[in-house]
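Read through the structure below, which is laid out as structure tokens, and then see the notes.
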Amino acid sequence: LYLIGDANDYTGKGLSGGRLVVRPIIDFRGASTENIIVGNTVLYGATAGYLFAAGRAGERFAVRNSGASAVVEGCGDHGCEYMTGGTVVILGPTGRNFAAGMSGGVAYLYDEAGDFASKCNLQMVALEKLEESDNAVLQEMIQNHAINTKSTRASSILRDWSTTQPKFIKVMPRDYKRVLAALLKAQADGLTGDDALNAAFEANSKDVSRSGGG
């Protein structure tokens, strides 16, 4: 779905595949990070697929997302609330209480103003610097965003990557990170498929530092 204009609440609710592209009208000359282009509760409960929106999302963006990938240029309060999977890139400011209840998936925030930490709910997530493996994922998503939406914001960030890259913050759920590490260990020990997954979850459930409280 390729939309020139804006979209209302619940855009992409239950998305299970495909690609949604939302971009401003051709004559738009404002700042995309200040222009709300999709409404509240976008990607609610999505399981797969892609969303590229060249502007800000409303409140509760990607709430309960469990597998979709998305790029937007800002969002309101409670972004990525209860998210369990997927990858989200936000190329602008967020509202308060970001990542509340976020137990899975990964979010990348372009923290141009340097104030994101004060807006993030750190009960279940940690804020990390990008690793080398993150760069390829993040750049590819921003490039796809620029191609699909003709976003000047995305193009500007990519053009000056050596300066903009250090301003990105990775939001990583602590339990999820431990499960991924345990999964890699199980695979290194020769386990595969469900056996590796079961071993990883078992190891995490016994970790006294997990967010759920043991």
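The values are calculated or read from the model by the stated rules, or taken from the named source; none is laboratory data. As the structure is a prediction and not an experimental result, all values here were calculated from the model. Counting neighbours? That spans all protein chains shown, and the Cβs are built from the backbone with ideal geometry, glycine included. Ligands, DNA and RNA are excluded from the accessible area calculation, which covers all protein heavy atoms including side chains. Shrake-Rupley method; radii C 1.70, N 1.55, O 1.52, S 1.80 Å.
For the stretch 148-164, in order, what is each residue's ³J(HN,Hα) by Karplus, 6.51 cos²θ - 1.76 cosθ + 1.60 with θ = phi - 60°, in whole Hz (x at glycine and Pro)?
6, 10, 6, 5, 6, 4, 5, 4, 5, 5, 5, 5, 10, 4, 4, 8, 7
Report the Rg/Rh value for the stretch 1-74, based on alpha-carbon coordinates and the Kirkwood definition of Rh. Write down the numbers at each step before the final one.
Values: Rg = 11.3 Å, Rh = 11.8 Å.
Computed over Cα atoms, the ratio is 0.96.
Give me, ordered by chain and number, the residues 5 or more places off Val89 or on other chains with an amide H under 5 Å from its own placed amide H.
Those lying under 5 Å, H to H, from Val89 are Ala70, Val71, Val72, Tyr108.
Of all accessible surface on the chain at a 1.4 Å probe, what whole percent is carbon and sulfur? Write out the running numbers ahead of the final one.
Details: 5130 of 10320 Å².
Carbon with sulfur: 50 percent of the solvent-accessible area.
Want the number for Lys13 to Leu127: 0.36 nm per residue separation, take away the alpha-carbon distance, what's left?
Additional length available on full extension: 38.3 nm.
Distance check, please: which entries in Lys150/Lys177; Lys13/Lys206; Lys13/Lys185; Lys150/Lys185; Lys129/Lys206 exceed 30 angstrom between their Cα atoms?
Working: Lys150/Lys177 34 Å; Lys13/Lys206 35 Å; Lys13/Lys185 35 Å; Lys150/Lys185 42 Å; Lys129/Lys206 27 Å.
Violating the 30 Å Cα-Cα cut-off are Lys150/Lys177; Lys13/Lys206; Lys13/Lys185; Lys150/Lys185.
FRET efficiency for Lys185 and Asn35, Cβ-Cβ distance as r, R0 = 35 Å, nearest 0.05? Mind showing how you got there, number by number?
Working: r = 45 Å, r/R0 = 1.30.
With a Förster radius of 35 Å, E is 0.15.
Here are a few candidate values for Rg/Rh (Cα atoms, Kirkwood Rh): [x] 0.94; [y] 1.14; [z] 0.99. Which one was actually calculated from the structure I just gave you?
Recomputing Rg/Rh (Cα atoms, Kirkwood Rh) here gives the entry labelled [z].
Suppose all protein chains stay in the model; what accessible area per residue would a 1.4 Å probe give for the chain, in Å²?
Details: 10320 Å² over 214 residues.
With all protein chains present, the chain gives 48 Å² per residue.
Compute the Cα gyration tensor for the stretch 50-158, then decide on rounded, prolate or oblate, letting a ≥ b ≥ c be the square roots of its eigenvalues: rounded whenever a/c is under 1.5, prolate when a/b is larger than b/c in the other cases, and oblate in all that remain. Numbers along the way, then the final one.
On the way: a/c = 1.42, a/b = 1.40, b/c = 1.02.
In terms of gyration-tensor shape, rounded.
Ordered by residue, what ³J(HN,Hα) values in Hz, to whole numbers, does the stretch 22-35 give under the Karplus form 6.51 cos²θ - 1.76 cosθ + 1.60, where θ = phi - 60° and Gly and Pro are x?
Ordered by residue, 3J(HN,Hα) equals 10, 9, x, 4, 4, 8, 5, 10, x, 8, 4, 6, 10, 9 Hz.
Could you go through the stretch 71-88 in sequence order and give the Karplus-derived ³J(HN,Hα) for each residue, using 6.51 cos²θ - 1.76 cosθ + 1.60 with θ = phi - 60°, rounded to whole Hz, and x for Gly and Pro?
Residue by residue, the stretch 71-88 yields 10, 10, 10, x, 7, x, 5, 6, x, 6, 5, 6, 5, 10, x, x, 10, 10 Hz.
Taking the Cβ-Cβ separation of Leu1 and Asp160 as r and a Förster radius of 35 Å, what is the calculated FRET efficiency to the nearest 0.05?
Values: r = 31 Å, r/R0 = 0.89.
E between Leu1 and Asp160, to the nearest 0.05, is 0.65.
Students sometimes get this wrong: rank Asp115, Asp9, Asp175 by accessible area, probe 1.4 Å, all chains present, largest first. Display every interim value, and only then the final one.
Numbers: Asp115 60, Asp9 85, Asp175 25 Å².
Solvent-accessible surface, decreasing: Asp9, Asp115, Asp175.
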